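The numbers here are math on the coordinates, done by the rules we state, and not lab data. Because the structure is a prediction, the values reported are computed rather than measured. We place every Cβ from the backbone using ideal geometry, glycine too, and count neighbours over all the protein chains shown.
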């Protein structure tokens, strides 16, 4: 394991310690970041395997856990518990913890995507390939985020409660709120993915 990877994990542990020591009401961020760390670590594992069979298997598992990272964007909804006026020291610190946790989770998720994307997509630097791949992924991720946030279904439920999960998904297809959410968050994620990947190729700037 490289020094950079160890440093990333150490920074995350320090952030967990900050949350616990401050006794933040946003302690749930620890679990959410752990879930966001799974696709990141899977992407590192996928990079090690030259055998396409194992790499594709890792890619499938990664796909199940990837939405957990972008899901954290919706954690801004918890700001209502402290107020949004930002007029007290308590609000300053809690806001910083919440925003910090969300940025860490989203960064881990996007980084995992940028690690795996070139391994699976030929001509990955072509913009049309990026738009197509990230577009499909954004829609799938948005659907998963909605399911996780509003139906409270987790990634592992696909393995343990597949029939129930499918039934729950089918039940929301006729709800307008579902489609509005999917469209809005698909656009948001697509912008983040495209912008992030362009910046990740900073050597070409």
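Considering helices alone, the calculated mean residue ellipticity of the chain at 222 nm is -26000 deg cm²/dmol, with DSSP H runs of length four and up weighted by -39500 (n - 2.57) and normalised per residue.
The length gained on full extension between residue 3 and residue 103, counted as 0.36 nm times the residue separation minus their Cα-Cα distance, comes to 33.8 nm. Normalising the average separation of contacting C-alpha pairs (under 8 angstrom, six or more residues apart) by the number of residues puts the relative contact order of the chain at 22 percent.
Calculated FRET efficiency, residue 124 to residue 88, Cβ-Cβ distance, R0 = 41 Å: about 0.30 to the nearest 0.05.
Full extension of the chain between residue 60 and residue 13 gives 14.2 nm of extra length, using 0.36 nm per residue less the Cα-Cα distance. May I ask you to derive the relative contact order of the stretch 1-120, considering only C-alpha pairs under 8 Å and at least 6 residues apart, and to give it as an integer percent? Relative contact order, the stretch 1-120: 35 percent.
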